[in-house]
1. Working carefully through the options 290, 274, find the one that is touching a residue at least 60 places away in the same chain (Cβ under 8 Å) and either under 16 Å from residue 108 (Cα atoms) or in the same structural domain as residue 129 (by TED's automatic domain parsing) (or both).
2. Can you pull out every residue in the range 389-400 that is crowded, with 21+ Cβ neighbours inside 10 Å and not in a strand (DSSP E or B)?
3. Pairs, please: C-beta under 6 Å, at least 6 apart or cross-chain, first residue in the same structural domain as residue 198 (by TED's automatic domain parsing) and in the range 168-181, second in a helix (DSSP H, G or I)?
4. Can you give me the ranges of the helices (runs of 4 or more DSSP H) entirely in the range 219-310 with at least 1 residues that are more than 30 Å from residue 67 (Cβ to Cβ) and more than 16 Å from the ligand (Cβ to nearest atom)?
5. From (1) farther than 28 Å from residue 302 by Cα; (2) in contact (Cβ under 8 Å) with a residue 60 or more places away in the chain; (3) away from the ligand (no atom under 16 Å from the Cβ); (4) touching a helix residue (DSSP H, G or I) at 6+ places or on another chain (Cβ under 7 Å), pick out the condition that doesn't hold for residue 134.
6. In the range 348-387, how many residues are in a loop (DSSP other than H, G, I, E, B) and out of contact with any helix residue (DSSP H, G or I) (no Cβ under 6 Å at 6 or more places or on another chain)?
7. Which residues, taken from the range 58-72, are farther than 14 Å from residue 273 by Cβ, surrounded by fewer than 24 Cβ atoms within 10 Å (Cβ to Cβ) and either within 16 Å of the ligand (Cβ to nearest atom) or in contact (Cβ under 8 Å) with a residue 40 or more places away in the chain (or both)?
Ligand code: PMP
């Protein structure tokens with residue numbers, strides 16, 4: 001494939017935008033080469049500036065679960081736009097989407113909308129600190145919760161791809177209040193709780209991790225966390241920015257059968273527009289201003305265009321929950337196809353999958369935490385990424401990211417993808 005125009009656009013962008021991009025992972029630093037500039041997208045496909053058509057497994061990093069340019073979302077946004085793009089006043093549609101979200105997700109009574117997943121997680125932690133009157137938080141190595149200061153401590157995703165898990169600019173004081181545990185290692189959490197009695201406000205995690213590739217929690221780990229939180233008056237925060245409305249209507253809480261005290265959302269809930277949200281019981285949410293003392297605000301929060309896109313998306317998912325079953329079946333089909341290629345070609349690789357999330361690590365050991373995921377961040381991954389791209393398959397440009405399937409992907413698309421991997425496999429050995 002030819003990427004001449006993309007490369008020229010990237011050169012121009014680098015003159016005016018740091019690194020040429022507005023979010024680091026887009027720059028392809030982890031895999032080398034220039035990023036692809038996308039001109040338009042429809043259904044399961046991206047169309048780039050050089051006229052290439054690519055099968056998309058990123059789905060804008062999660063939101064486009066129903067495929068690109070999903071008509072009800074497009075129509076809703078166009079309709080709203082004609083009536084004015086922002087008022088900074090309450091609007092009826094905010095209540096409509098809040099009501100629907102609360103109906104779809106278990107264990108939440110109220111929800112507050114913000115503009116990104118970062119804002120959602122940052123605000124959820126402030127709320128947890130305000131509610132418990134404690135300052136420390138526990139997060140897990142390799143989990144990414146956005147780029148606010150407290151979370152840039154051994155974060156996954158782009159933060160680790162770029163080799164700066166502890167970013168300059170994060171103060172020592174902030175870093176001290178973020179305690180680090182290992183994913184799927186309950187003992188590492190118990191030690192932190194024992195060492196910091198009555199000081200921990202919350203434990204935040206990705207209930208299915210997607211920022212070190214896709215990693216599932218063991219039953220023992222996730223149940224153990226719930227128990228530890230109950231025993232120690234700690235709030236359990238599920239960061240469902242990736243998993244919310246993707247694993248099922250009720251997200252990871254429903255999927256895993258575990259109750260969280262606060263849940264954060266992003267991606268799917270905005271239908272492709274900039275939206276985040278956090279939610280909990282009334283008791284906890286009423287701590288927020290203007291009802292309670294914990295401050296949180298936003299000029300464009302609950303923006304009518306964003307809410308109309310999110311509402312159209314949630315309505316479709318609520319009305320057609322079989323989408324989740326179909327997506328999981330397609331993801332399983334891809335998994336089986338990939339596994340067969342791996343077995344037939346004698347490649348050393350691990351495929352992890354949960355719902356419509358899947359990832360491939362080229363390493364020997366099972367991938368179940370940050371350390372094991374890091375083994376798959378290697379030269380083989382780079383070759384794999386570029387080999388698939390040259391065959392028209394657009395995968396995340398980092399081993400520390402999950403793929404997100406969308407339901408416009410056909411079985412033919414999946415077969416093309418599996419065949420691309422089979423063709424490429426001999427080069428990866
Ligand atoms: N939490 C998780 C689990 C995420 O995957 C992300 C983004 N990939 C975020 C939070 C931050 O969301 P945003 O990029 O919208 O700020």
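The values are calculated or read from the model by the stated rules, or taken from the named source; none is laboratory data. Computed from a prediction, not measured in an experiment: that's the story for all the values here. Counting neighbours? That spans all protein chains shown, and the Cβs are built from the backbone with ideal geometry, glycine included.
1. Result: 274 is the single residue among 290, 274 that is touching a residue at least 60 places away in the same chain (Cβ under 8 Å) and either under 16 Å from residue 108 (Cα atoms) or in the same structural domain as residue 129 (by TED's automatic domain parsing) (or both).
2. 389, 395, 396, 397, 398, 399, 400
3. Listed by first residue and then by second, the contacts come to 170/149; 174/149; 174/150; 178/150; 179/192; 181/188; 181/189; 181/192.
4. On the way: elements: 219-232, 251-256, 282-285.
In the range 219-310, 219-232, 282-285 are the helices (runs of 4 or more DSSP H) which contain 1 or more residues that are more than 30 Å from residue 67 (Cβ to Cβ) and more than 16 Å from the ligand (Cβ to nearest atom).
5. Of the numbered conditions (1) farther than 28 Å from residue 302 by Cα; (2) in contact (Cβ under 8 Å) with a residue 60 or more places away in the chain; (3) away from the ligand (no atom under 16 Å from the Cβ); (4) touching a helix residue (DSSP H, G or I) at 6+ places or on another chain (Cβ under 7 Å), the odd one out for residue 134 is (4).
6. Step one: filter the range 348-387 for residues in a loop (DSSP other than H, G, I, E, B), giving 348-349, 355-356, 362-369, 375-378.
Those left that are additionally out of contact with any helix residue (DSSP H, G or I) (no Cβ under 6 Å at 6 or more places or on another chain): 348, 363-364, 366, 368-369, 375-378.
Of the residues in that region, 10 qualify.
7. 58, 67
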